[in-house]
Amino acid sequence: MAKDYFEDITPPENASSERTPTPPPSLESRSEQVPIRVADAPPARGIRNIAAPRAARAKASGDFREPPPFPSEPPRTKGYSRWILWGAALLALVALATLALFSFRDTVIRVVPKSHTVVFDPATTFTAFPESTAATGTLSYTVQTSELEDSEVVPSQGTTHAETKASGSITVYNEYSDASVKLIKNTRFQTPDGLVFRTPAEVVVPGKKGSAPGQVNVMVVADAAGEKYNIAPVSRFTLPGLASSPGMYAKVYAKSTASFSGGFVGDQPAVAPGALETALSAVRARLEEKARAGSTGTGSETIMFPDMIQITYQDLPNTSEAGGGVRVHQRAVIEVPSFPSSAFAKTIARSVSADAEAADVFLVPGEGFGARVSESPAPLGSNPLEFSLSGSAQLVWRVDTAALADALAGRSQDSFTTIANEFPGIQEAHARIEPFWKTVFPAAADITIQLESPAPSEAI
């Protein structure tokens, strides 16, 4: 009979009691078992050597502690890390933007041009010549022509018979020769319909320059009174007096861009002589004020002076007003000499300073700057014009900014002063190279030159 090995196992406490099978340990208890090792002895394989659960051992020894409770919320460290990352990224962007700002800024050169203040002596006269006859190196002038109209209402006093001639502005062209063409007083200009207008004064038409015809604006007056001369713009006027020279007749002509007016024959409302004179005086004062305001200008191309204007007044037909009044109409034909700004400044420079004689300068008007005609030519535009200047102005040297940028491109900042001194028009110059860590000027396209207004200098 086979031996029953379990009979040799004696229960630890009550051997006589009925054996009760011990259930196998649960998975949880197995995971918490701690093996017990005996030094220098291999573990026995009997059931007595099965490790007891850790909780049971702790309870048996009286050292039982409850495990710490789990925290109700996990620690919030992830949010703080995200803010740190965003802050680092923002600082990096700011650093890159700052670097780009300095890296892409243009190099700036601030230049103060050389200048001289001039106080004019009214006793000193200057001479300008018509553009068509001016020699090279002399001051020339052209005549700018314009028209203004105004009116005034006065009480009527019966009727009166009136005959007035129409007038208007035309542009005369010279495609015939390089030399100027002189037209005598009362030269005829004829429309395609056969209406004739005449020049009240001699006219000089400049010669052509290359393929561009010479041209001049003039006023013409109808050959007779009447409303039929109140014409629309004309594309071509011919000059009957040139018919004997076919070449000149074909290439000296005129055009108009505005309608003619003023022609009238018939009865019109009359006014008392005293009231008419008062009305005409008021109208002409307003016209002169407008003419002076429109004849002032010192620009980059031309310069004009209001005290040089010449005004011719023309009577226009009176018109009836509601209520029995009469409207008196006047036209002002304004002619004003116009000088090339550059040549005008050089003429002033030659007369006041040997240092400025060969310089490229321009004029900045100062206090009381003005001009008056010393002797009025007749007609204006056909003869030399003598005038005097008053007040003060500033001569300012021009600086070739493009040439300065080209000269500095690729050069060391140590050579800046030497290069700037090679430009006679520079009084002061200051440079700022960008980016700041560079010591060589960039390409000319990346150099910005700022011209500053010079301070008033000592008068000469």
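The values are calculated or read from the model by the stated rules, or taken from the named source; none is laboratory data. Keep in mind that what you see is a predicted model, and the values were worked out from it rather than measured. Note that each Cβ is placed from the backbone with ideal geometry, even for glycine, and that neighbours are counted across all protein chains shown.
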Strands (runs of 3 or more DSSP E) completely within the range 156-219 that count 2 or more residues being more than 12 Å from residue 254 (Cβ to Cβ) and out of contact with any helix residue (DSSP H, G or I) (no Cβ under 9 Å at 6 or more places or on another chain): 159-174
Subset of the range 167-220 (residues that are polar (S, T, N, Q) and closer than 18 Å to residue 129 by Cα): 180, 215, 217
Neighbours by Cβ (under 6 Å, 6+ apart or cross-chain): first from the range 406-432, acidic (Asp, Glu); second surrounded by 11 or more Cβ atoms within 10 Å (Cβ to Cβ): 406/444; 428/112
Output for the range 407-451, where each listed residue is within 14 Å of residue 115 (Cβ to Cβ) and touching a Pro at 6+ places or on another chain (Cβ under 8 Å): 425, 426, 427, 451
Filtered residues of the range 362-392 (kept if under 18 Å from residue 124 (Cα atoms), assigned to a strand (DSSP E or B) and not aliphatic (A, V, I, L, M)): 365, 370, 372, 374, 375, 386, 387, 388, 390, 392
Matching residues, the range 307-341, being closer than 20 Å to residue 382 by Cα, not hydrophobic (A, V, I, L, M, F, W, C) and not in a strand (DSSP E or B): 307
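The rows are residues; the columns are (1) part of a strand (DSSP E or B); (2) exposed (fewer than 12 other Cβ atoms within 10 Å of the Cβ).
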residue	(1), (2)
394	yes, no
399	no, no
417	no, yes
420	no, no
448	yes, no
454	no, no
Of all residues in the range 252-262 being among the small types (Gly, Ala, Ser), more than 19 Å from residue 326 (Cβ to Cβ) and assigned to a loop (DSSP other than H, G, I, E, B), the one that is farthest from the chain's Cα centre (by Cα): 259
Only one of 311, 334 that is crowded, with 19+ Cβ neighbours inside 10 Å, in contact with a strand residue (DSSP E or B) (Cβ under 6 Å, 6 or more places away or on another chain), at pLDDT 85 or above and of a type in the set (A, V, I, L, M): 334
